[in-house]
Amino acid sequence: MPRSCPTLLLPAACGLLMLLAACNQQPPPAQEKPAPAAPVIPGPDLAAMRDSNAVRLLTAYGQEHPETQVLFHTSMGDVKVKLYEDTPLHRASFLLLTNKGYFDQTVFYRVEKGFVVQGGNSDKREIKLGKYHIPPEFRPGHFHRRGALGMARYDDEKNPGKLSSSHDFYFTVGQKYTPQQAQSIAGRKLTPAELKAYATEGGAPALDGQYTVFGEVIEGMDVVEKINQVPVDPYDWPEKDVTMKVEVIR
């Protein structure tokens, strides 16, 4: 009998051994791609902001950023706001926090019906903000008429200089007052034009001379008024979060 048959098994056996050897080879470990770096947003480091450097940093930032309009995209609609040029520190601070995305992590957290809608803070924000305040910028002609944008602050006992908060802002809703009523509760002497505005448009004259007004709603006041009517808890916090995204538009 021919003995060539066993030789026919050799190529197959060699192939099987090669296949097994190939199966036992581990592929090289995949190299993890580094996560893309977060974009660096120009401007002062918010976490490094302090009372000692705020005026200097905000003055420089305001000179670099002359924009005067921002747009709020809230969960209840859009609100367009004009920022006043003659309140440069408040304008610069608001632009800085807007450009850094700070307000996008906040909500409207205080709603007093017929008075104000306040925002700029949240339990969920992650962006660190240093503790700084803004010197008051009371200006003739800027008062708490309906739609006025103001900056909140601590009361006089803790804050005799009336320094504004860096981030807690409010929209004025208010109500209508006769000239006599408006003057009796205002924090300063009102002009005839201001008395007329409080009588025809409404507002919150009790805040005049106490809190800095640094802008006004130019579109979307109906949205502010809708927010002012949402159900709130005993602490005036909306039962359902009213969120916002804010952008500088011009």
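The values are calculated or read from the model by the stated rules, or taken from the named source; none is laboratory data. Quick caveat, the model's predicted, so the values are computed rather than measured. Positions of Cβ are backbone-derived with ideal geometry, glycine not excepted, and every protein chain shown enters the neighbour counts.
Using the structure shown, decide if GLU157 is part of a loop (DSSP other than H, G, I, E, B), surrounded by fewer than 20 Cβ atoms within 10 Å (Cβ to Cβ) and at pLDDT 95 or above.
No; evaluated as a whole, the condition is false for this residue.
Hey, can you tell me all the residues within the range 175-207 that are on the phi > 0 side of the Ramachandran plot, assigned to a loop (DSSP other than H, G, I, E, B) and in contact with a helix residue (DSSP H, G or I) (Cβ under 8 Å, 6 or more places away or on another chain)?
Within the range 175-207, none qualify.
Quick one: count up the residues across the range 139-158 that are closer than 29 Å to ASP45 by Cβ and in contact (Cβ under 8 Å) with a residue 12 or more places away in the chain.
5
Tell me, please, whether a residue that is of a type in the set (Val, Ile, Thr), crowded, with 17+ Cβ neighbours inside 10 Å and assigned to a loop (DSSP other than H, G, I, E, B) can be found in the range 208-225.
yes
Going by the conditions given, is HIS133 within 18 Å of VAL79 (Cα to Cα), touching a residue at least 60 places away in the same chain (Cβ under 8 Å) and touching a helix residue (DSSP H, G or I) at 6+ places or on another chain (Cβ under 8 Å)?
No; evaluated as a whole, the condition is false for this residue.
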